[in-house]
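Have a look at the structure below, then the notes.
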Amino acid sequence: MKDSTPPRPLLKKIDHLGIAVPRLADAIPLYETLLGAPVEHVEVVEDQKVRTAFFTVGESHLELLEPTDPDGPIARYLDKNRPGIHHLCVEVEDIDAVLAAYKAAGVRLIDETPRIGAGNKRIAFVHPKATGGVLLELSQPIAPDAPDEPER
Ligand code: CO
């Protein structure tokens with residue numbers, strides 16, 4: 001960042017709330033009724049052992065998360081907690097810069113470096129102990145024509 005650049009907030013906007021559910025087959029029709037809108041897309045994220053379903057709500061989204069493996073993080077979450085809000089996701093412009101700023105401030109991170117999440121975005125999780133109890137997902141959209149994004 002150049003000296004002449006005014007400081008900007010690290011976080012851009014709330015991208016989605018993640019909601020852990022036992023079964024998408026039950027939760028999707030429920031949320032279609034609640035939102036009055038169809039599910040937008042369903043995607044398996046192998047890395048996180050979940051199947052996700054996205055709904056648009058205004059400028060934001062809801063992400064329903066169903067475990068695909070009893071050893072996955074959502075299955076473990078549902079073993080200990082009721083179904084409900086699992087994480088808050090905030091969109092950022094430069095996830096590397098945010099992670100560097102958090103590291104410098106001693107913020108406890110789950111992911112020190114970004115990985116690829118649902119919707120082909122660069123994501124990283126911040127530990128709930130660092131946020132007052134909220135699992136925080138940082139998400140940076142990958143521009144489809146970004147020339148410098150390495151293939152993964
Ligand atoms: Co999410």
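The values are calculated or read from the model by the stated rules, or taken from the named source; none is laboratory data. Computed from a predicted model, the values in this text were never measured in an experiment. A quick note on method: Cβ atoms are made from the backbone with ideal geometry, for glycine too, and the neighbour counts reach across all protein chains shown. Just the protein is used for accessible areas: all its heavy atoms, side chains included, with ligands, DNA and RNA removed. Shrake-Rupley method; radii C 1.70, N 1.55, O 1.52, S 1.80 Å.
Taken together, the residues in the range 85-120 that are within 20 Å of residue 8 (Cβ to Cβ), free of Cβ contacts under 8 Å to residues at least 40 places away in the same chain and not in a helix (DSSP H, G or I) amount to 3.
The residues listed here are 90, 107, 45, 98; of these, the one that is over 22 Å from residue 130 (Cβ atoms) and surrounded by 14 or more Cβ atoms within 10 Å (Cβ to Cβ) is 45. What is the one condition in (1) more than 16 Å from residue 11 (Cα to Cα); (2) open to solvent by 40 Å² or more (accessible area, probe 1.4 Å); (3) more than 12 Å from the ligand (Cβ to nearest atom); (4) touching a residue at least 12 places away in the same chain (Cβ under 8 Å) that residue 37 does not satisfy? Unmet condition: (2). Residue by residue through the range 112-133, note down the ones that are within 16 Å of the ligand (Cβ to nearest atom) and surrounded by 16 or more Cβ atoms within 10 Å (Cβ to Cβ). Those that are within 16 Å of the ligand (Cβ to nearest atom) and surrounded by 16 or more Cβ atoms within 10 Å (Cβ to Cβ): 114, 117, 118, 119, 121, 122, 123, 124, 125, 126. Among the residues of the range 46-68, which ones are more than 11 Å from the ligand (Cβ to nearest atom) and either closer than 17 Å to residue 117 by Cα or part of a strand (DSSP E or B) (or both)? Passing the criteria: 46, 47, 49, 51, 53, 55, 56, 57, 60, 66, 67, 68.
Would you please name the residue that is farthest from residue 122 (Cα to Cα), looking only at residues in the range 69-79 that are more than 14 Å from the ligand (Cβ to nearest atom) and among the aliphatic types (A, V, I, L, M)? Result: 78.
The condition of being in contact (Cβ under 8 Å) with a residue 40 or more places away in the chain, open to solvent by 80 Å² or more (accessible area, probe 1.4 Å) and more than 16 Å from the ligand (Cβ to nearest atom) does not hold for residue 82. If residue 112 satisfies every condition in (1) in contact with a Lys or Arg (Cβ under 7 Å, 6 or more places away or on another chain); (2) of a type outside the set (Gly, Ala, Ser); (3) more than 20 Å from residue 17 (Cβ to Cβ) but one, which is the exception? For residue 112, the exception is condition (1).
State all residues of the range 15-34 that are hydrophobic (A, V, I, L, M, F, W, C) and surrounded by 14 or more Cβ atoms within 10 Å (Cβ to Cβ); if no residue qualifies, say none.
17, 19, 20, 21, 24, 27, 28
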